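What follows draws every value from the coordinates through simple rules; no lab data is involved. Because the structure is a prediction, the values reported are computed rather than measured. Counting neighbours? That spans all protein chains shown, and the Cβs are built from the backbone with ideal geometry, glycine included.
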């Protein structure tokens, strides 16, 4: 179970880092009507911190419980941005819901199943 959680943490970390780059620097023009560029940059920076928080605390061994909190934070932030701001079509919603559920599984796994 520990190996599965580590693989999920690393893959989700890369996934959310790519998403943070997209939010911060390549937000589509229609999205800029919803929030100013600085707002998207702030959300991208927040998502990047959460993505790094999925891997670094456990890898370094300093405050490893932050991994679970980062997983919950990135899942919450992603779902809120998708549902409240961008309102994707149902097929696009899968790209939000599946990683968010996996992040919540990582949080559950690191808090209950296999804590650090």
Cβ density ranking, 10 Å radius, fewest first, applied to 16, 69 yields 69, 16
By Cβ neighbour count within 10 Å, fewest first, 41, 63 rank 63, 41
If N is the residue count of the chain, its Cα Rg over 2.2 N^0.38 Å rounds to 1.07
Give the angle, between 0 and 90 degrees and rounded to the nearest 10, that separates the Cα long axis of helix 66-80 from the longest principal axis of the Cα atoms of the chain.
30
Folded to 0 to 90 degrees: helix 2-25 orientation relative to the chain principal axis, Cα:
20
The helix 37-60 Cα axis meets the longest alpha-carbon principal axis of the chain at an angle in degrees, between 0 and 90 and rounded to 10, of 10
Most exposed first, judged by fewest Cβ atoms within 10 angstrom, 72, 7 run 7, 72
At 222 nm, what helix-only mean residue ellipticity would the chain give, in deg cm²/dmol to the nearest 500, using -39500 (n - 2.57) for each DSSP H run of four or more?
-25000 deg cm²/dmol
For a label point 7 Å along the Cα-to-beta-carbon line of residue 87, residues of the range 14-34 with backbone N under 11 Å:
none
Can you list the equivalent-ellipsoid semi-axes of the range 1-44, largest first and in whole Å, using the square root of 5 times each Cα gyration tensor eigenvalue?
30, 8, 7
Taking R0 as 25 Å and r as the Cβ-Cβ distance between residue 25 and residue 111, the FRET efficiency 1/(1 + (r/R0)^6), rounded to the nearest 0.05, comes to 0.15
